[in-house]
1. Put +1 on the Cβ of each Lys and Arg and -1 on the Cβ of each Asp and Glu in the range 17-69; which of V48, L28, A61 then has its Cα farthest toward the positive end of the dipole?
2. So what does the Cα-only Debye profile of the range 182-282 read at q = 0.19 Å⁻¹, as log10 I(q)/I(0), no solvent term?
3. Would you list T288, T241 from fewest to most Cβ contacts within 10 Å?
4. Find out how many positive minus negative residues lie around T229, taking Lys and Arg as positive, Asp and Glu as negative, among other residues whose Cβ is under 13 Å from that of T229.
5. Ranked from highest to lowest mean number of other Cβ atoms within 10 Å per residue, what is the order of the peptides 226-232, 132-138?
6. Can you tell me the length gained on complete extension of the stretch D186 to N130, counting 0.36 nm per residue apart and subtracting the Cα distance?
7. What is the distance in Å between the Cα centroid of the range 22-57 and that of the range 164-201?
8. R0 = 25 Å: FRET efficiency of T304 with A29, Cβ-based, nearest 0.05?
Amino acid sequence: MSPLAAATRVLVTGGAGFIGSHVVEALLARNVAVTVLDDFSSGHETNVPDDPRVRVVRGDAADHDPVADAMDGCTHVVHLAAIASVERSMNDPIGTHRSNLVATLQVLERCRVVGIERLVYASSAAVYGNAQLPPVTESGPLSPSTPYAIDKLAGESYLRFYEHTYGVPSIALRFFNVYGPRQVSDSPYSGVISLFMRRAAEGAAVTIHGDGLQTRDFVYVGDVAATITACIELEGTPTSTIMNLGSGTPTNLLELLDAIEDVCGTRVERTFAAPRPGDVRHSVADVTRLRENVRQIPVTTLMTGLRSLESVHRRVE
Ligand code: NAD
Ligand code: UD1
């Protein structure tokens, strides 16, 4: 890892969103200038730090002109803009495809023209589907089972194509289930931790899809932002350019609810509904590659992460 040159400017697509806003903060903390490209479809202006080192471009990452404008003067790119809900991609495969794949191609094409030094791409654990027993490794089989996962995997293939054919250096990080402050909690498509924490704070019941024994690898957003920043700073080419980004710890939904009850000091009523179509049963990362290549692996335990989230929810009420 080395300090970045003073001329470094990082484009963060989706920088007004949940993960993106933490990445912007982490880069500013390392004194790196940032450009944010966002269409504010799920991101918020209030998520973007009011800082003279931040330039904001409002526009669709699937369109040529806003991407060209945003990448002007940039040396690196973190491409996060996408529609993050797996369930929404089942309900609207065509609507989500534009943001989840066309935007990736548009960003890559501009990276080629500009000669970007490195692109870091938000892929997903969803590309594994149910193909492997956990913990899943990057070299094992893949089985994307939703339009969201198919688009993310196609994005990885485009990264490889642009790297091999045009020399655009890139790293694809397969994020597992990211949670933490600023994750939207009031949409039916919100991530399960933000939804359940909100319900717990309101004293309302939660809905569990399936038997609640499905597992997820919940990874704290501060750790994700730190790893992305480390990937931008990484010297030379890593031996692996596709890496899992998770905590390596499985938690099922019933265990998650017990932890939420503990942290919030309330009992949460549960109702059970049908499993979601395409839902992955078990999802846990093997983080060996990340440890070997980037040395910046997630460290925040679920209880510590939930406590920090609970204090945010408490302040908001
Ligand atoms: P988010 O919805 O908070 O952030 C996405 C941001 O992208 C938002 O600010 C939104 O306004 C913007 N955006 C969406 N479509 C756009 C477009 N076409 N043009 C410009 N901006 C657009 O979601 P998030 O959880 O922060 O997810 C960030 C990235 O990480 C996504 O690519 C998502 O697929 C990926 N990811 C997230 C998780 C997770 O658990 N949250 C896990 C794996 C991968
Ligand atoms: C999440 C991310 C996705 C990412 C993937 C990587 C979100 C919105 N989705 O998808 O971007 O690529 O992780 O692993 O952040 N559930 C309930 N009740 C609810 C909500 C959810 O039982 O009210 C269940 C779901 O059926 C699923 C689990 O909780 O089994 C997690 O769901 P969700 O938070 O939507 O995330 P993923 O689909 O895993």
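1. Positive-most Cα among the choices belongs to L28.
2. Debye curve over Cα of the range 182-282, log10 I(q)/I(0) at q = 0.19 Å⁻¹: -1.02.
3. Values: T288 16, T241 21.
Fewest-to-most Cβ neighbours within 10 Å comes out as T288, T241.
4. Residues near T229 contribute 0 overall.
5. Values: 226-232: 23.9, 132-138: 17.3.
Order by mean packing, descending: 226-232, 132-138.
6. Details: separation 56, 0.36 × 56 = 20.16 nm, distance 2.87 nm.
Separation in residues times 0.36 nm, less the Cα-Cα distance, equals 17.3 nm.
7. Taking the Cα centre of the range 164-201 as reference, the centre of the range 22-57 is 17 Å away.
8. Numbers: r = 20 Å, r/R0 = 0.79.
Computed FRET efficiency for T304 and A29 comes out at 0.80.
Every read-out reported here was derived from the displayed coordinates using simple, explicitly stated rules and does not represent laboratory data. What you see is a predicted model, and the numbers here were worked out from it, not measured in a lab. Positions of Cβ are generated from backbone atoms using ideal geometry, with glycine treated the same way; all protein chains shown enter the neighbour counts.
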